[in-house]
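**Student:** Take this structure first; my questions come after.
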Amino acid sequence: MKLLSIAGSPRKGGNTDTLLKRFEEGARSRDAEITSLSVCDLKIAPCRHCDACLTTGHCQVQDDMQMVYREMESADRIVIASPLQFMTVSAQLKALIDRCQAFWVRKYILKIPPLGDTRERRGFFISVGGRRTIPNLFEAELITLKTLFRTLDLPYSGDILLPGIDAKGEILNHPEALEQAFQSGQKFI
């Protein structure tokens, strides 16, 4: 079982990254082969909306997103993690998501499997937000992620959404959340 783990946080070693690492540990305990990508380490240009993908289903922009496409196509499971930033995913992760327009074209325009085949895949999402008192805190973020997973034909298999955690390292004061991440990684595989 191949798991692609995508870290969307611009803050390395922060709360979101820590939860994602625990999720990976859980998956690894079930013998998953894990590829970890940190979006902040990649050079991903924003989508230009040039429409070159409309005829081929492939993006013509040559940057690190070409490698991300290959990793997504070869994964059986994809977990994405992002802190809540301005009520949605980080800007870095949003650039990656926008570049998945080529997959959208494959599915809805060219009528071919977006990830190249029809094997059973699944998606999972992890997010941490600093606010506690806002109703539906993760609503906009979830719309974005669920839309991405639907486009990729990845059934949405769950999430960990934690409000009220903001300062770097604060997640370490929540051992129950770390255990939830570990167990979720096991179950996801």
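The values are calculated or read from the model by the stated rules, or taken from the named source; none is laboratory data. Just so it is clear, the structure is predicted and the values come from calculations on it, not from any experiment. Don't worry about glycine lacking a Cβ; one is built from the backbone with ideal geometry, like all the others, and counts go over all protein chains shown.
**Student:** Are any residues in region 44-62 assigned to a loop (DSSP other than H, G, I, E, B) and over 11 Å from Leu96 (Cβ atoms), and if so, which ones?
**Tutor:** Arg48, His49, Cys50, Asp51, Ala52, Gly57, His58, Cys59, Gln60, Val61, Gln62
**Student:** Ok, one more. Only one residue in Gly123, Gly129 is out of contact with any Lys or Arg (no Cβ under 8 Å at 6 or more places or on another chain), within 20 Å of Lys94 (Cβ to Cβ) and surrounded by 17 or more Cβ atoms within 10 Å (Cβ to Cβ). Which one?
**Tutor:** Result of the check over Gly123, Gly129: Gly129.
**Student:** Somewhere in region 132-143, is a residue within 19 Å of the chain's Cα centre (by Cα), at negative phi, buried (at least 21 other Cβ atoms within 10 Å of the Cβ) and of a type in the set (A, V, I, L, M, F, W, C)? Can you show your working first?
**Tutor:** Of the residues in region 132-143, the ones within 19 Å of the chain's Cα centre (by Cα) are 137-143.
Next, from what is left, pick out any that are at negative phi: 137-143.
Then keep just the ones that are buried (at least 21 other Cβ atoms within 10 Å of the Cβ); that gives 141.
Pick out the ones that are also of a type in the set (A, V, I, L, M, F, W, C) and you get none.
So far as region 132-143 goes, no, none of its residues is within 19 Å of the chain's Cα centre (by Cα), at negative phi, buried (at least 21 other Cβ atoms within 10 Å of the Cβ) and of a type in the set (A, V, I, L, M, F, W, C).
**Student:** Among the numbered conditions (1) outside any strand (DSSP E or B); (2) buried (at least 22 other Cβ atoms within 10 Å of the Cβ), tell me where Val79 comes up short.
**Tutor:** (1)
**Student:** Output the qualifying pairs, or none if there are none: Cβ atoms under 6 angstrom, residues six or more apart or on different chains, first residue in region 91-110 and under 21 Å from Leu42 (Cβ atoms), second residue polar (S, T, N, Q) and in a helix (DSSP H, G or I).
**Tutor:** Close Cβ pairs satisfying both conditions: Phe103/Thr151; Trp104/Thr151.
**Student:** Out of region 111-129, which residues are touching a residue at least 60 places away in the same chain (Cβ under 8 Å) and either among the aromatic types (Phe, Trp, Tyr) or in a loop (DSSP other than H, G, I, E, B) (or both)?
**Tutor:** Phe124, the sole residue that qualifies.
**Student:** Could you tell me which residue of region 151-162 is surrounded by the fewest Cβ atoms within 10 Å (Cβ to Cβ), considering only residues that are touching a Lys or Arg at 6+ places or on another chain (Cβ under 6 Å) and assigned to a strand (DSSP E or B)?
**Tutor:** Tyr156
One line per residue, one yes/no per condition, for (1) within 27 Å of Ile165 (Cβ to Cβ); (2) free of Cβ contacts under 8 Å to residues at least 24 places away in the same chain:
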residue: Ala27; (1), (2): yes, no
residue: Pro46; (1), (2): no, no
residue: Leu54; (1), (2): no, no
residue: Gln62; (1), (2): no, yes
residue: Glu73; (1), (2): no, no
residue: Ala81; (1), (2): yes, no
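**Student:** Considering region 27-43 alone, what residues qualify as being more than 17 Å from Ser127 (Cα to Cα), touching a helix residue (DSSP H, G or I) at 6+ places or on another chain (Cβ under 6 Å) and assigned to a helix (DSSP H, G or I)?
**Tutor:** Listed by number, the list holds a single entry, Ala27.
**Student:** Would you point out which residue out of Lys21, Lys2 is surrounded by fewer than 22 Cβ atoms within 10 Å (Cβ to Cβ), over 25 Å from Asp117 (Cβ atoms) and not acidic (Asp, Glu)?
**Tutor:** Result: Lys21 is the single residue among Lys21, Lys2 that is surrounded by fewer than 22 Cβ atoms within 10 Å (Cβ to Cβ), over 25 Å from Asp117 (Cβ atoms) and not acidic (Asp, Glu).
**Student:** Moving on to the next point. Kindly indicate which of Ile171, Ile165 is farther than 28 Å from Glu73 by Cβ, assigned to a helix (DSSP H, G or I) and either at pLDDT below 95 or not polar (S, T, N, Q) (or both).
**Tutor:** Only one candidate qualifies: Ile171.
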